[in-house]
Each structure stands twice: as structure tokens, then as C-alpha cells.
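Student: I have a structure I would like to understand better, so I am pasting it below and will then ask my questions one at a time.
The values are calculated or read from the model by the stated rules, or taken from the named source; none is laboratory data. Please read all numbers here as calculations on a predicted model, not as lab measurements. Virtual Cβ from ideal backbone geometry, glycine too; neighbours counted across all protein chains shown.
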Amino acid sequence: MKSIKLWYSYDFANSFASSVLIFYYPLMLAERGASNVWIGVSASIATGILLFTLPYLGTWSDKTGRKIFIIKIASVLMVISLFIIAFLIQQIDTLSMAMLFTLSFLYILFMVCFQGSFTFYSAMLREMTNSENNTKVSGVGLGLGQFGNVVSLSIIGPIIGSSLVLVGLSGKPLALFLGGILFALISIPFLFQKDRVNISIKTAFSYRDFLKKIFSTKRVLLFIIGYALLSDAILTFQVYLTLFVKNVFDFSDKFVTYVGITGLVFGILGGFVASRFALRMKDKERALGFSAILYAFCFGFFAFIPNVPILVFITISISGISYGLVFSLARAIYSEISPKEEQAEFFSIYTVFERAASIVGPLLWLSIFFILRNFSENIQYRGSVLFLMIICIVGFYYLRKSKNLRVEVPLS
């Protein structure tokens, strides 16, 4: 179907914007003497904003059918924020407090738009699929998103190490600019689709009623708690990946990029095989639980792995497969267990819980750093990753509790 192909294209396109910010923005701040705290606090504020805005927007979207309209606005703001960050940071070698606040505001704007857009993007899944093919479509979409990350880093990575200057930008700031341009160009076909507009008399929204609805659906509640903990660990590690690899294993910028590309390549594989893996396990939720434990194993290994590059690449490969499986399967399962006519509303809380990593994870990461402040930076990073393994295991426990509430039905 044309709608599914266009849906795939947006996941591919926005990877060009998100990958450059996730990989290079922390490095640019660190190179200019800024603390990790600025990343963690900014990410926390972004999720706090989503917590208060997404439920309302999700309900409005369900009642009006205006999903692509919201994604379009978010996409424009993402591109603008990338451009401004690039031009601002190109001009400075050290960061004043005023500049840190400005950059943090733009980072928060990007993250709110990027994370928020996936509420409405994911809510489109059930409109286009059924229970027989939703895992496949979800997995292929995620796989293409990861492929977009690989293509982005493969194209832009070599450029940042060259002497190329474009519109006054070079190095890592140029990466942000190019990521924004490519995202804008590739996403045009998706963004110019027409929404399936509905006419609804009832438009009022109540946070109280919304929360009551979530808490009264115990299976959904347990699932999103478990998923939130799992994604909390995974996405926190993603935020700090470049700094972790650089400081623990003393990798160069080039090797850091290679690590990122390796994880993304295997993330593509995980997304594309998610449907087959669920069939092999004879149950989508059993497959999700196995993937969660596999990721926990990777965190444990990262905490104790010696400084041997091949072991780093093997572990990041396994975690990449787990990443593709976890996010493909979770999205497909949640689209089935949440009400069909309230997908955007329910996916709003799914997105907020998924991105709770932007509040809880970074703050816990920084707390472990503080607790281990008398030890070396190497031990601080490894201790933080070990704690992420514990979070993964607790998340698996809640996913299992959610699964036990359903009536077992063989996977078709």
C-alpha cells in the first residue's frame, strides 16, 4: 500500500535529523567544556513538556484525524532548531552561561518535536495494518529508521573530519545542518499527504478522565510501566553512548562513529526479523521478553568488558539486534492492546512513558556518577551501565505481569 510506503519513508527521513544531534551534540558540548548535566536536564525538561501536552494533542488528533498536520509542524521546528544550533555553536570555542541556556532551549525544542511526532506516527500503524502484519510493518519501519541512521552517519561522518566548509559551517556543526537538509527533503512526500479528517462534536479533554482510563486498563498500565523501564535503560544508554565509548575505551571520533554505525546496522536487522522472530517464539510478548533479557545481558557485559575493541563491537552488535526487536515488538503489541478508536490518545502516554528515559534515566545516570565520584571516570561510566541492567530486569518483570493478564491466543 502507498500509505505504508510513505509511513516507512518518514521513519527513514527523520533519522537524518536525530542521528546527527544524538551523536555529535554531546561531543560538541564536551569539547567546549560543558558538563553532562546539560544534556540530562534538557532531556528531562523535554519529557516533562511532553507529559503535559501529548495527552491533549493525542485526544484532539483522534477526534479530528489531524495526525500528519501535527507531524508536519513538529518536523519544521526540528529542522529550524538544528540549523540555529549549528550556526551558533560554529562561532564559539567556549560556552557562556547564556549560550548554554540558548542551546539547551533549542535542544529541548528539537526533542519535544522529535519525540512528540512519534505519538502520531505510531498511532497511524493500526489504521494501515491488522494483527497479522502489524509486527512486520512496525519492524520494517523501525529497520528503515535505523538504516537512515546508518546512511546519515556514513555520508556525514567522513565530512566532519574533512576541510569542507558549506554556508560558513564545518566539522560537527555542518553535520547538524546537513542532517536537517536531508530530513526535510526526504520527508516531503509523507508530509504532503492528506489527513483522514473527522468531524467530531465532542472535543473536550480531561486529564482526570484520561488518567482514569489508563489506570483502569490494568493490562495496558502494566505493559507501559514495564516498557517505560526497559526503554528508560536503552534510551539513556543511547544518550550517553558516544561519551561512554570515548571515555571508557579511549576511542577516537572515527571509532566512535564506527561503533554507532555497527549498532545501527544490527538494529536494522533486529527490526526486519522482528516478525519472523515472534513467529518462531510463537508469541509476540514472549519474543519481547527474550529481547529485554538479551539487552540486560549486553549492559552487564559492557559494565565489565575489558578494553578490547572487538568485544566492544560484538556487544554493540548484539544490543543493536535487541534494540530493533524491542521497539518493533512493543509498538506492535501496544497497538493491539489499546483501543482502536483512541490510538493517538493511548500512544501519547506510550510515548511519554517510553521517553521517561529523558527524565529518570539521565538523572539516575548522573546520580551514579555522583555516588562513585571518588573513583575514576572509567568506574563511574561502568557503574552507571550496570545500573541500567537492573532497570532492564525490573522492566521485564512488569512486561511478564502484563502478559499474564491476557487470554492466551496462538499467534496467527
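Student: Tell me yes or no: at least one residue of the range 19-32 is within 24 Å of Leu125 (Cα to Cα), among the hydrophobic types (A, V, I, L, M, F, W, C) and within 19 Å of the chain's Cα centre (by Cα).
Tutor: Within the range 19-32, not a single residue is within 24 Å of Leu125 (Cα to Cα), among the hydrophobic types (A, V, I, L, M, F, W, C) and within 19 Å of the chain's Cα centre (by Cα).
Student: Cβ-Cβ under 7 Å, sequence separation 6+ or interchain: first residue in the range 383-412 and within 28 Å of Ile368 (Cβ to Cβ), partner modelled with pLDDT under 90 and of a type in the set (Val, Ile, Thr). Which pairs?
Tutor: As it stands, the answer is Gly383/Ile368; Ser384/Ile368; Phe387/Ile368; Leu388/Thr236; Tyr398/Ile225, since those pairs meet every condition given.
Student: Within the range 8-60, track down each residue that is touching a Ser or Thr at 6+ places or on another chain (Cβ under 7 Å), β-branched (Val, Ile, Thr) and under 22 Å from Gln343 (Cβ atoms).
Tutor: Across the range 8-60, the qualifying residue is only Thr47.
Student: Continuing with the same structure: When you look at Gly40, is it within 18 Å of Phe347 (Cα to Cα), touching a residue at least 12 places away in the same chain (Cβ under 8 Å), of a type outside the set (Ser, Thr, Tyr) and part of a helix (DSSP H, G or I), yes or no?
Tutor: Taking the combined requirement at face value, the residue does not satisfy it.
Student: When you look at Val20, is it among the β-branched types (Val, Ile, Thr), in contact (Cβ under 8 Å) with a residue 12 or more places away in the chain, part of a helix (DSSP H, G or I) and over 20 Å from Leu264 (Cβ atoms), yes or no?
Tutor: No.
Student: Is it fair to say Thr53 is without any contact (Cβ under 8 Å) to a residue 40 or more places away in the chain, assigned to a helix (DSSP H, G or I) and surrounded by fewer than 19 Cβ atoms within 10 Å (Cβ to Cβ)?
Tutor: no
Student: In the range 63-85, how many residues are among the hydroxyl-bearing types (Ser, Thr, Tyr) and assigned to a loop (DSSP other than H, G, I, E, B)?
Tutor: So the answer is 0.
Student: Say whether the condition of being of a type in the set (S, T, N, Q) and either closer than 30 Å to Tyr25 by Cα or modelled with pLDDT under 85 (or both) is met by at least one residue in the range 272-290.
Tutor: No, every residue in the range 272-290 fails to be of a type in the set (S, T, N, Q) and either closer than 30 Å to Tyr25 by Cα or modelled with pLDDT under 85 (or both).
Student: Same structure, new question: Going through the range 32-52 one residue at a time, which ones are modelled with pLDDT of 80 or more, farther than 24 Å from Thr119 by Cβ and in contact with a helix residue (DSSP H, G or I) (Cβ under 8 Å, 6 or more places away or on another chain)?
Tutor: Listed by number, the residues that qualify are Arg32, Ala34, Trp38.
Student: Identify, by number, the condition in (1) over 21 Å from the mean Cα position of the chain (by Cα); (2) at pLDDT 90 or above that Ile393 doesn't meet.
Tutor: (1)
Student: Just wondering, is there one or more residues in the range 209-219 that are under 26 Å from Phe327 (Cα atoms) and either touching a Gly at 6+ places or on another chain (Cβ under 8 Å) or assigned to a loop (DSSP other than H, G, I, E, B) (or both)?
Tutor: Yes: the range 209-219 contains one or more residues that are under 26 Å from Phe327 (Cα atoms) and either touching a Gly at 6+ places or on another chain (Cβ under 8 Å) or assigned to a loop (DSSP other than H, G, I, E, B) (or both).
Quick grid of which residues meet (1) buried (at least 24 other Cβ atoms within 10 Å of the Cβ); (2) in a helix (DSSP H, G or I):
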{"residue": "Asn130", "(1), (2)": "no, no"}
{"residue": "Phe147", "(1), (2)": "no, yes"}
{"residue": "Val150", "(1), (2)": "no, yes"}
{"residue": "Ser154", "(1), (2)": "no, yes"}
{"residue": "Gly157", "(1), (2)": "no, yes"}
{"residue": "Lys172", "(1), (2)": "no, yes"}
{"residue": "Ala175", "(1), (2)": "yes, yes"}
{"residue": "Ser187", "(1), (2)": "yes, yes"}
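Student: Still on this structure, I have one more. Could you grab me the full set of residues in the range 73-131 that are hydroxyl-bearing (Ser, Thr, Tyr), more than 19 Å from Ala175 (Cα to Cα) and at pLDDT 90 or above?
Tutor: The one that is hydroxyl-bearing (Ser, Thr, Tyr), more than 19 Å from Ala175 (Cα to Cα) and at pLDDT 90 or above: Thr102.
Rundown of residues vs (1) surrounded by fewer than 19 Cβ atoms within 10 Å (Cβ to Cβ); (2) in contact with a helix residue (DSSP H, G or I) (Cβ under 8 Å, 6 or more places away or on another chain); (3) at negative phi; (4) of a type in the set (Lys, Arg), yes/no style:
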position	(1), (2), (3), (4)
Asn14	no, yes, yes, no
Met28	no, yes, yes, no
Arg66	no, yes, yes, yes
Leu100	yes, yes, yes, no
